[in-house]
Amino acid sequence: MNVVEALEQIRKDAAPLARAFEEAGYSLYAVGGSVRDALLGAIRTGDDYEIDFTTDARPDDIARLMGPLCGTLWEQGRSFGTLGGIVKDGQYKAEITTFRSEEYVDHSRKPTVSFGDSLEVDLSRRDFTINAMALDVINGALHDPFGGISDLTARRLRMPHDPERLFSDDPLRMMRAARFAARFHLEIDPLIISAATTLADRLAIVSAERIQGELNLLMVTDVPSEGLQFIVDSGLAQHFLPELPGLALEQDPIHHHKDVLAHTLAVVDKASPQLVLRLAALFHDVGKPRTRQFTSNGVTFHHHEVVGARMTRKRMEALKYSQELTDDVSTLVDLHLRFHTYKMGWSDSAVRRYVRDAGHLLDELNELTRCDCTTRNARKAATLAKRMDELERRIEELRAAEDMSKMRPALDGNDVMTILGVAPGRVIGEALGFLMEIRLNEGEIDRDDATERLLAWWKDHPAS
């Protein structure tokens, strides 16, 4: 879709709202991402289709005008001048906000908001020039008071006003600079870099949840390293992810091998844009600085995956990640070196254990393992890829022969209690552990065989 068509599509979808606001004597402008994306020749569709608007109408008037067109309204942001809803005719999400300005006061984690009557003042408070453009959906005029179009064309990231002032008003904008630079492959204005470096410690007033949200959005861009490098260089990472700049050490200072940070960023970029996988790539080597040792045989990082998994869990908990995501990322970090013993030869039992331990993360673990190979040595890279191909073939062969999705003993706890005639207790876990070893070593066995072998095991058990 070309630029003109994309802008007209916004006006077409906004037409019912535009008529309602015009008839009531108010202005209405599409702003932010929808206008920026249209100028890039793109428009969102489906569940991702959302248009943000700004207006001189106050919240009560916005609610009155939106209600008939949207039905149920979202009013969580009403105190900030924002109401939202699904526009029935266009089936897109609309959020409409009164012209406003906002700033953080002292060390407060919540900004103060003032309503206004000027479009240009409203646009001036926005983070970057590429987001400070507005399309008048009533008459079609495009407003670009800060040169956002030229910045999009030149692929540069600038701010409408003094970056120090805008970062001070909302320190999270420093994180947003990293995200937008990575998402649109923009060169960051030196004034932004300087301001972020100066004000990095102001990020401390922003909640962990908001920082996490920006980090997540950055991590699923096409090339996250473009934003992560800015976060490290500016000092921002020291305030929420100090493990990342801590990776800037050479793996082997004698031979000047690639430093761990450069390797980590390369792995992140190689990984598919899934949050769990990208986060695992980000954290997979965080244990190296704490485990680095210089020996007569060179540099070692023994057990860095174990140390790294603990560090990952601690950092993700501090950033308020969900327990499920924290568990998954920590597990991938803990297992990311498992494959490297495959060159010594794995039995079918070892393959089953690998599948069992990876669980629902098997595909992610395999991809992380492949991405972890960033060597420039073509022969070494080809050898590692060949081994992983072989392992995946063996997994598929075992899947064809047995149910690998249910890596469980042939009997459950109730079966064990019935067969052995015992009450719940530690012995049940021991029996299930014995049966699980059979499952891993030999594959699936039937219930009769499992019962016979359980009874033989019980005969020699001290508690029998």
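Computed from the coordinates by the stated procedures, all read-outs in this text should not be read as laboratory data. The structure presented is a predicted model; accordingly, all values stated were derived computationally and were not measured. Every residue, glycine among them, receives a Cβ derived from its backbone with ideal geometry; neighbour counts consider all protein chains shown.
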Q) Which entry in [x] -0.25, -0.82; [y] -0.40, -0.98; [z] -0.28, -0.89 is this structure's computed log10 I(q)/I(0) by the Debye sum over Cα atoms at q = 0.06, 0.11 Å⁻¹? A) [y]
Q: Find how many whole Å separate the alpha carbon centroid of the range 386-406 from the alpha carbon centroid of the range 25-44.
A: 49 Å
Q) Sorting His263, His360 on the 10 Å Cβ count, fewest up front, what's the list? A) His360, His263
(Q) Using 0.36 nm times the number of residues separating Asp201 and Asp162, minus their current alpha carbon distance, what extension gain do you get? (A) 12.2 nm
**Q.** Size of charge dipole - the chain - debye, nearest 20, with Cβ of Lys, Arg +1 and Asp, Glu -1, no other charges
**A.** 1140 debye
Q) Given 4 °C and 1.567 mPa s, how large is the Stokes-Einstein diffusion coefficient of the range 413-459 in µm²/s, with Rh as the Kirkwood radius over Cα pairs? A) 120 µm²/s
Q: Based on alpha-carbon positions alone, could you give the equivalent ellipsoid semi-axes of the range 3-154 from the gyration tensor, as √(5λ), descending, whole Å?
A: 22, 21, 14
Q. Ranking Ser234, Ser272, Ser168, Ser347 by Cβ neighbours within 10 Å, fewest first, what do you get?
A. Ser347, Ser272, Ser168, Ser234
Q: Please give the length that would be gained between Leu398 and Ala382 if that part of the chain were fully extended, namely 0.36 nm times their separation in residues minus their C-alpha to C-alpha distance (nm, one decimal).
A: 3.3 nm
Q) By its C-alpha gyration tensor, with a ≥ b ≥ c as the square roots of the eigenvalues, how is the range 303-444 shaped: rounded for a/c under 1.5, else prolate for a/b larger than b/c, else oblate? A) oblate
Q: State, to one decimal in nm, how far the label point of Glu209 lies from the label point of Val422, with both points 7 Å from Cα in the Cβ direction.
A: 4.7 nm
Q: Find the Cα radius of gyration of the range 203-327, compare it with 2.2 N^0.38 Å by division, and give the number to two decimals.
A: 1.06
Q: Using Cα centres only, tell me the gap between the range 160-226 and the range 286-302 in whole Å.
A: 33 Å
